[in-house]
Amino acid sequence: VVLRPGSGSRQQDPLGGADGLALASDPAGTLNFLAMVENLQGDSGRGYYLEMLIGTPPQALNILVDTGSSNFAVAGVPDPDVTSYFNTELSSTYKSQGIDVTVKYSQGSWTGVLGTDVISIPKGIYGSYTINIATILESENFFLPGVKWHGILGLAYDALAKPSSSVETFFDSLVRQAKIPNIFSLQMCGAGLPVSGSGTNGGSLVLGGIEPSLYKGDIWYTPIKEEWYYQVEILKLEVGGENLELDCTEYNADKAIVDSGTTLLRLPQKVFSAVVQAIARTSLIQEFSSGFWTGSQLACWDKTERPWSLFPKLSIYLRDENSSRSFRITILPQLYIQPILGIGDNLQCYRFGISSSTNALVIGATVMEGFYVIFDRAQKRVGFAVSPCAEVDGSPVSEIEGPFTTADVASNCVSSVSFHEPVLWIASYALMSLCGIILLVLIILLLIPPRCQHRYTDNDVVNDESSLVRHRWK
């Protein structure tokens, strides 16, 4: 094994049995889901995007599909890293709301202005719809060199929408105006293909239902624990069939979410360390460099070799809709030992598709590329089924098995204390009100004649920054 310096990918910082299968069309019979098959392009290193027509006359832009945020936003001015942007002055139907909005991700941020305009999706549902749209005027580490998308489609709940949850999300607008079922499904086809490659890997975003040709076997559903991110409950992890034996709350610290906008499988630090130790212990590689696990180095083999046989499977257990049962989704090494393009003539280099996280377990593209994922908002559940495109050299690289008993697991693995954003907003307003009262008192004290004033010492000085509430966004 040859180890070479390399960088990990940029990360944006998101089940019952077959008895709950959805039909392949909506009740009115107006949706043609086959028309939406292969309407995505991209790769696991830079995200999957959908072509959209915005404004009048329509301007064609590629929009990143992100189930871990809730704003629909597009580049509104030229940017060195984007090839196109939405020029509001050229659209007769654009209406500015004059509201500034800023969204921060785990890496990158943007600031823009809210407005509305009409959109249509060439390979989506029929018709044009008026949608809230933020035009991005400034950004930092959001648009990256080589990306082929020009905006972001946040498909999470309105609780995450900025500047407030009163901003109707894209999908909520679509459900209301097009009268489609409150469900969408996602398939990303990049298994075994180079990350940050040509950007032409296929994928499908099915709006309003489930397309049977995009999955094999049964769909297994897990409840959505809270409607902000698509938060689920993870019961345990296994590496090579061996339980990590961690308390189940460790897997959900402080949340576990399904996020197509995150490139890797991200694990809380304690879980990440246990996974790395288990993989290193069960793999057939001796004295593997720590730099590979942390993303600072790539591992390279001769192009004639396939290293995947050297690594174990990784399984994630999710609670079933029947809380006394669970099921597991399993990814083979072909999904988490990921090839990188363009290094050496005779060597093929790979990155580790798992990283550590300070605030969440994130089921990102590393895992999602193995499955057809159903976001059933109507029944408050997320479904997983094996994806036919999750194959390498003709063999499947993902599995779903169950049911299993949860008798050996706590009845609730999600902490009851959740400092979610709506709570943070309330806390921040309360703190601002308190600070306002304190400031008013100080002003009154300053206006009191000097003989009545307290003589402050250096120890009495208040640091304004101590009162700030820092919001943790995606």
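Structure above, values below:
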read-out	value
Lys255 vs. criteria within 15 Å of Leu318 (Cβ to Cβ), open to solvent by 50 Å² or more (accessible area, probe 1.4 Å) and within 20 Å of the chain's Cα centre (by Cα)	no
Single condition Phe272 does not satisfy, out of (1) in contact with a helix residue (DSSP H, G or I) (Cβ under 7 Å, 6 or more places away or on another chain); (2) buried (at least 19 other Cβ atoms within 10 Å of the Cβ)	(1)
Residue under evaluation Val175, criteria (1) assigned to a helix (DSSP H, G or I); (2) touching a strand residue (DSSP E or B) at 6+ places or on another chain (Cβ under 7 Å); (3) open to solvent by 10 Å² or more (accessible area, probe 1.4 Å), criterion not met	(2)
Residue list for region 214-233, restricted to those being within 22 Å of Arg325 (Cα to Cα) and either buried (at least 24 other Cβ atoms within 10 Å of the Cβ) or polar (S, T, N, Q) (or both)	Ile219, Trp220, Tyr221, Thr222, Tyr230, Gln231, Val232
Options Gln348, Gln338: the member that is farther than 30 Å from Val414 by Cα, open to solvent by 10 Å² or more (accessible area, probe 1.4 Å) and in a strand (DSSP E or B)	Gln348
Members of region 275-299 found to be on the phi > 0 side of the Ramachandran plot and either of a type in the set (Lys, Arg) or open to solvent by 40 Å² or more (accessible area, probe 1.4 Å) (or both), listed by number	Glu287
Pair list, Cβ < 8 Å and 6+ apart or interchain, from region 186-210 residues that are not assigned by the TED database to the domain that holds Gly383 to residues that are surrounded by 24 or more Cβ atoms within 10 Å (Cβ to Cβ) and at pLDDT below 95	none
Members of region 352-380 found to be among the charged types (D, E, K, R) and open to solvent by 10 Å² or more (accessible area, probe 1.4 Å), listed by number	Arg377, Lys380
Single residue of region 275-308 satisfying the filter (of a type in the set (S, T, N, Q) and in contact with a helix residue (DSSP H, G or I) (Cβ under 8 Å, 6 or more places away or on another chain)) that is modelled with the highest pLDDT	Gln297
Unmet criterion (only one of (1) open to solvent by less than 40 Å² (accessible area, probe 1.4 Å); (2) in a strand (DSSP E or B); (3) of a type outside the set (Phe, Trp, Tyr); (4) modelled with pLDDT under 85) for Arg4	(1)
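The values are calculated or read from the model by the stated rules, or taken from the named source; none is laboratory data. Just so it is clear, the structure is predicted and the values come from calculations on it, not from any experiment. FYI the Cβ positions are ideal-geometry reconstructions off the backbone, even for glycines, and counts take in every protein chain you see. Only protein heavy atoms, including side chains, enter the accessible area calculation; ligands, DNA and RNA are left aside. Shrake-Rupley method; radii C 1.70, N 1.55, O 1.52, S 1.80 Å.
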